[in-house]
Structures are given as structure tokens and as C-alpha cells.
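Here's the structure we're looking at; comments come further down.
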């Protein structure tokens, strides 16, 4: 099984310059726990913003969701992989690096996203 078989292709993205309020609104609207942060140029890297990033900033550090931008709290750069990588190797990479999400790219352009839950769900469906 390959990354291409488990990746999600309908990925919700956000500008790195958007306020955290906009990120939370998109997450709520799409019922997601993370968003991909867009590149600012062709040679830039993608980022990820998660509920955890936001909660650390807003709750633990008393940050203002209208004054803080996505770029200030997102993880960037993030791990990216190709669609032809085996899921076995991807799972090993994610476990070793302790990440729950990776971006799938083709020639440095995003074509999908894989979450640890996607991999687990695929294997659970095979068991049924």
C-alpha cells in the first residue's frame, strides 16, 4: 500500500498572515483539527497549524486570537513525502519523528495530506 492510497486530497489551507480567529473558524466550519499553512513563495515550505498550537498560544500564554497570525504559531517547515512512498515507511517515519500529519507533495506542490488516523482507519477497514 502506498501513500497515494491513504492520502486526503481535499485539503483546507490558510494564509500564514491570517489571524488565529480565521484559522479557528475554518477548523470549526470544516470540522478539522489542523490546517495546512500555504507557502509564501515557490521556494517556501508548507506549514501546519493545529488545535494544540492554538491552545498553547491562546490559553497557556494568554494570546489574542485577533492579534496573532497563523505564521506566529504554526509548525514550519513540516515533513513532506511523495505519493509513491510505502505506507509502512510513512508510518515508521511518523512514529520516529512523533508527528501525526505529513503533507504529500509532487515537485514541491501539495497534492494531499496524510494523518495518522487515516493510516489506522485504512488498516481497521481491512480487518472488518
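The values are calculated or read from the model by the stated rules, or taken from the named source; none is laboratory data. Every value quoted in this text rests on a predicted model; they were computed, and no experiment measured them. Counting neighbours? That spans all protein chains shown, and the Cβs are built from the backbone with ideal geometry, glycine included.
Which of the residues belonging to the stretch 56-74 are part of a helix (DSSP H, G or I) and surrounded by fewer than 10 Cβ atoms within 10 Å (Cβ to Cβ)? Break it down into steps so the answer makes sense when it comes.
The initial filter retains those residues of the stretch 56-74 that are part of a helix (DSSP H, G or I), namely 56-60, 70-73.
59, 60 - these are the residues of the stretch 56-74 that are part of a helix (DSSP H, G or I) and surrounded by fewer than 10 Cβ atoms within 10 Å (Cβ to Cβ).
Within 28 Å of residue 1 (Cα to Cα) and more than 11 Å from the chain's Cα centre (by Cα): does that describe residue 62? Working first, answer last.
On the way: within 28 Å of residue 1 (Cα to Cα): no; more than 11 Å from the chain's Cα centre (by Cα): yes.
When the stated conditions are applied, residue 62 does not pass them.
If I filter the stretch 26-35 for residues that are buried (at least 16 other Cβ atoms within 10 Å of the Cβ), within 16 Å of residue 105 (Cβ to Cβ) and modelled with pLDDT of 95 or more, do I get at least one hit? No, that holds for no residue.
Go over the candidates 102, 78 one by one and state the one that is assigned to a strand (DSSP E or B) and touching a residue at least 24 places away in the same chain (Cβ under 8 Å). Explain how you work it out, then say what you get.
Working: 78 fails: assigned to a strand (DSSP E or B).
It is 102.
Given the options 119, 103, name the one that is under 23 Å from residue 1 (Cβ atoms) and over 12 Å from the mean Cα position of the chain (by Cα). First the steps, then the outcome.
Values: 103 fails: over 12 Å from the mean Cα position of the chain (by Cα).
Only one candidate qualifies: 119.
Scanning the stretch 32-54 turns up at least one residue that is part of a helix (DSSP H, G or I), free of Cβ contacts under 8 Å to residues at least 60 places away in the same chain and under 28 Å from residue 123 (Cα atoms).
Against the conditions (1) part of a helix (DSSP H, G or I); (2) touching a residue at least 40 places away in the same chain (Cβ under 8 Å); (3) closer than 16 Å to residue 118 by Cβ, residue 21 satisfies every one except (3).
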